Amino acid sequence: MVDVLTPEQRRRNMQAVRGQDTKPELVVRRIAHRLGLRFRLHRKDLPGRPDLVFPKLGVALFVHGCFWHLHRCRYGTVVPATNAAFWDTKRHENAARDRRKAAALRRAGWKVRVIWECETRTPERVERKLRTLVASRPGPITSLPTRRRPIRSRS
Ligand SMILES: [Zn+2]
């Protein structure tokens, strides 16, 4: 597939991929927060420094850029117009590293989940995924944490 971004967009995209606090991450954090989920960011003591870690749920969550991490979507399968071989190598190295880190996390007892950048364009989809995490938590508690909104008394 031909690159869907202009060279300028691609350049900015490349600059953003390595950084923390990217927009897709912020989308996921905001929704996780709204759902009342407790999480930590970029825990250095865990393989791959997961973007969000939900200790109570035992979940390590990555928010991956589609291009950079080779998502099988229209953004992840583009071939840049310039330096195609270079980016191809980089992206495959990234994907291989992702697999290694995910395996290491699983060996350490974590559930590994990925939310893709393209999914963050649809907040409802992110919310569904996060609710699924909660539903699959180990132990007897299967509901979401209590909402902050005060509960009216029944009378
Ligand atoms: Zn994607």
*For the stretch 64-117, what does the alpha-carbon gyration tensor say about shape, rounded, prolate or oblate, given a ≥ b ≥ c as the root eigenvalues, a/c under 1.5 as rounded, and a/b over b/c as prolate?*
oblate
*Cross-link pairs Lys44/Lys90; Lys23/Lys129; Lys56/Lys129; Lys90/Lys129 - those with Cα-Cα distance over 21 Å*: Lys44/Lys90; Lys90/Lys129
*Just need log10 I(q)/I(0) for the stretch 7-135 at q = 0.20 Å⁻¹, Debye formula, equal scatterers on the alpha-carbon atoms, no solvent, rounded to two decimals.*
-1.21
*Can you pull the one-decimal nm distance between simple spin-label points at Thr122 and Arg74, each 7 Å off the Cα toward Cβ?*
1.3 nm
_Calculated FRET efficiency for the pair Leu46/Gln9, C-beta based, R₀ 30 Å, to 0.05_ = 0.40
*asked:* Can you pull out the chymotrypsin sites (Phe, Trp or Tyr not before Pro) in the stretch 12-121 whose DSSP state is coil and whose Cβ has at most 14 other Cβ atoms within 10 Å?
replied: none
*Read phi for every residue in the stretch 66-73 and hand back ³J(HN,Hα) as whole Hz from Karplus 6.51 cos²θ - 1.76 cosθ + 1.60, θ = phi - 60°, with x for Gly and Pro.*
4, 5, 5, 10, 6, 5, 7, 9
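The numbers here are math on the coordinates, done by the rules we state, and not lab data. Being a predicted model, the structure only gives us computed values, none of them experimental. With ideal geometry, Cβ positions are generated from the backbone for all residues, glycine too; neighbour counts draw on all protein chains shown.
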